1. Return the FRET efficiency for the residue pair Arg247, His102: r is the Cβ-Cβ distance, R0 is 51 Å, and the value is rounded to the nearest 0.05.
2. At 7 Å along the Cα-to-beta-carbon direction for both Asp298 and Glu264, put a label point, then send me their distance in nm to one decimal.
3. Can you give the FRET efficiency to the nearest 0.05 for His37 and Leu167, using r as the Cβ-Cβ distance and R₀ = 30 Å?
4. What is the angle, in °, between the Cα long axis of helix 90-103 and the longest principal axis of the Cα atoms in the chain? Nearest 10 is fine, range 0 to 90.
5. I need to check one value: relative contact order of the chain, counting alpha carbon pairs closer than 8 Å and at least 6 residues apart, in percent.
6. Carbon-plus-sulfur fraction of the accessible area of the chain, 1.4 Å probe, in percent?
7. Can you give the accessible area per residue of region 136-178, in Å², using a 1.4 Å probe?
8. Hey, which aspartates and glutamates would be in cross-link range of Lys225, C-alpha to C-alpha under 16 Å, not counting anything within fewer than 8 residues on its own chain?
Amino acid sequence: MTYRPARMRFGIFLAPFHRLGENPTVALQRDLELVDHLDRLDYDEAWFGEHHSAGWELIASPELMIAASAQRTKHIKLGTGVSSLPYHHPFMLADRMVQLDHMTRGRAMFGVGPGALTSDAYMLGIDALTQRARMDEALGVILRLFRGETVTMETEWFTMREARLQLAPYTHPHMPVAVASTFSPAGPVTAGKHGVGILSVAVSQPGGLISLGKTWEMAEEAAAKAGKTISRDDWRLVMPIHLADTREQAFADVAEGMLRWNKEYFEETLGRPADPSNPGDVESTVARGGAIIGTPDDAIEAIERLLELSGGFGCLLGLAHEWTTWEKTIHSYELWARYVAPRFQGQYERIAASQKFVSDNRTTIFGPNAAAIGKAFIDAGVQLPAEMINRMQRGNV
């Protein structure tokens with residue numbers, strides 16, 4: 001049976017992606033302005049990335065972005081998307097996150113990963129073969145610190161001596177935690193082992209949809225083995241999204257920008273060879289489920305397909321991109337908030353039922369009112385206007 005949350009959450013996963021040649025100061029400011037706008041539109045979550053090289057993803061410290069955004073917003077939750085655990089001493093990162101938990105009054109979230117950008121690990125002299133094991137090791141320690149334990153531990157890359165956090169978390173027992181998952185088993189297995197959420201960041205990649213069922217299966221198996229429990233409500237899927245008033249307009253909006261992003265970032269920067277069997281255009285990408293592009297109705301259908309393919313999840317995050325103009329991007333987020341989110345958050349059914357009830361029973365409901373209006377004219381000795389008589393007849397009341 002497919003799991004359907006009572007209120008699905010929506011948000012963005014902000015790497016971010018800023019093309020070469022842009023003013024980085026302005027780009028970072030625009031990232032904050034985007035989250036401000038999403039807060040006003042009642043989006044639930046925003047996750048900030050951590051990257052240190054390759055020129056596109058300019059946020060080096062998601063904690064700084066969370067602190068800045070928390071001062072500007074009111075409701076939206078703010079997460080590290082993700083903190084690359086092998087790059088940090090676990091105690092220092094845990095301490096900073098608990099401080100953010102207090103500064104945001106419980107709006108901070110902690111997303112973790114091994115470090116996906118190989119050039120970052122290269123500059124730090126970290127062996128790629130150690131990254132996933134170190135992520136698991138660090139997460140275990142950080143969760144112990146969150147829970148108030150005293151940790152003495154020495155590994156090949158960090159030491160703790162009677163280490164304890166002087167601040168208890170603001171959120172009980174601690175802030176939401178999620179592990180990034182791509183195609184390897186490391187993400188879901190680590191999430192299950194520690195009983196935390198999953199951030200599936202590679203859903204849009206070829207084969208990503210097919211792996212969804214296996215992702216949850218691996219997480220559940222790892223949780224059972226460790227004596228933990230996990231909830232599909234804590235599973236977040238990440239997908240590129242763009243909406244417009246018509247499907248044709250949506251496709252036209254992002255056609256050039258999406259191709260340039262794939263070519264200039266993935267191929268020319270990261271060196272990932274193009275797949276000759278995958279054209280990479282908007283139409284083929286949408287057809288294979290690699291993006292949600294179209295109208296709000298198209299988006300509603302796409303979410304239903306994702307629920308069926310995955311077995312159910314609690315949150316869908318749009319992969320923030322700049323494939324088109326700022327104005328069209330903002331319009332896309334507004335369309336989602338106005339017409340898509342209510343369908344999955346329990347805000348549509350009652351309104352629709354109320355409209356249908358009144359429409360189906362309008363003769364019974366409004367008939368006495370029409371009679372009362374007619375009587376008022378008669379009692380006043382005033383002839384009922386012909387326009388009103390015609391209107392009553394048209395309404396069959």
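1. On the way: r = 46 Å, r/R0 = 0.89.
Efficiency, from the Cβ-Cβ distance: 0.65.
2. My value for the distance between the label points is 2.3 nm.
3. 0.40
4. Once rounded, the angle reads 30 degrees.
5. Relative contact order here is 17 percent.
6. For the chain, the apolar C and S fraction of the accessible surface comes to 54 percent.
7. 57 Å²
8. Straight-distance partners of Lys225: Asp136, Glu217.
The values are calculated or read from the model by the stated rules, or taken from the named source; none is laboratory data. Quick caveat: nothing in here was measured; it's all calculated off a predicted structure. For neighbour counting, all protein chains shown are included, and Cβ atoms are generated from backbone atoms with ideal geometry for every residue, glycine included. Side chains are part of the model used for accessible areas, which takes the heavy atoms of the whole protein and leaves out ligands, DNA and RNA. Shrake-Rupley method; radii C 1.70, N 1.55, O 1.52, S 1.80 Å.
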